[in-house]
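Enquirer: The structure's right below; bear with me while I get my questions together.
Derivation of every value follows stated rules applied to the coordinates shown; laboratory data play no part. All of these numbers come straight from a predicted model, not from anything done at the bench. Positions of Cβ are generated from backbone atoms using ideal geometry, with glycine treated the same way; all protein chains shown enter the neighbour counts.
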Amino acid sequence: MRTKAWRQIAEAIGVAAIVASLVFVGFQIRQEDDIARLELIDRSTDQQRELQEWIAENADLWVRGCAGSELSAAEGKVFQSIFDIYISQTYNRWVVRYAIKEQTGAGGQYLIDSIAANVHRYPGFRAAYDARRSWTAEGRRYEDYYVDEYRRALDARLAELEKIDPNPNWDLKHCGM
């Protein structure tokens, strides 16, 4: 009888040890996940700073491109490169914030607002956006799970802006900011 009691105690201790180790692994995975998210946000902040430096280095070209002014072939290539990086980085930052929305409460709507405002206000930015959008719509670019949600949010915000301000007239120095 005593052996049976010790055996039950040993089994209970074993089960408790397994449960404790699973709880510990769960906490460790959650902590690593949080660290990875913070690293993503930190990396995106660095990329954003680099993009703004590139825009500043090419400020005249960027402003003329946003305005829809005539650009030489070389200038057009630089403008399109800056624009593509701007759109890609903003989209990537939105995906990170959208993915962690339930944990943080912040879904990246300010990023949608920023792109929508630039598309709405600046004819050259809109032309570059429309060209890129038709390029992606033709299936020449891999599209992930978030693309449809992103486009829906962006289209909804653009529709709102067109109702609120049908004839925008904004200072070009804010393009892309």
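Enquirer: By the gyration tensor of its Cα atoms, with a ≥ b ≥ c the square roots of the eigenvalues, what is the shape of segment 1-75: rounded for a/c under 1.5, prolate for a/b over b/c, or oblate? Could the numbers behind the result be given before it?
Expert: Details: a/c = 10.46, a/b = 7.31, b/c = 1.43.
Because a/c hits 1.5 or more and a/b exceeds b/c, segment 1-75 counts as prolate.
Enquirer: Still on this structure: Under a plain spin-label model, where a point goes 7 Å from the Cα along Cα-to-Cβ, how far apart in nm are TYR110 and ILE164?
Expert: Simple spin-label model gives 1.5 nm for this pair.
Enquirer: In nanometres, what is the gap between the two model label sites at ALA12 and ARG30, each 7 Å from Cα along Cα-to-Cβ?
Expert: Result for the modelled spin labels: 2.7 nm.
Enquirer: Mind listing the phi-derived Karplus ³J(HN,Hα) values for segment 120-125, rounded to whole Hz, using 6.51, -1.76 and 1.60 with θ = phi - 60°, and x for any glycine or proline?
Expert: Coupling constants for segment 120-125: 5, 7, 10, x, x, 5 Hz.
Enquirer: Provide the FRET efficiency to the nearest 0.05 for the VAL147-GLN52 pair, computing r from the beta carbons and using R0 = 25 Å.
Expert: Efficiency for this residue pair is about 0.50.
Enquirer: Work out how much length ARG133 to GLN80 would gain on full extension: take 0.36 nm times their residue separation and subtract the Cα-Cα distance, in nm to one decimal.
Expert: Extra length from ARG133 to GLN80 when fully extended: 17.8 nm.
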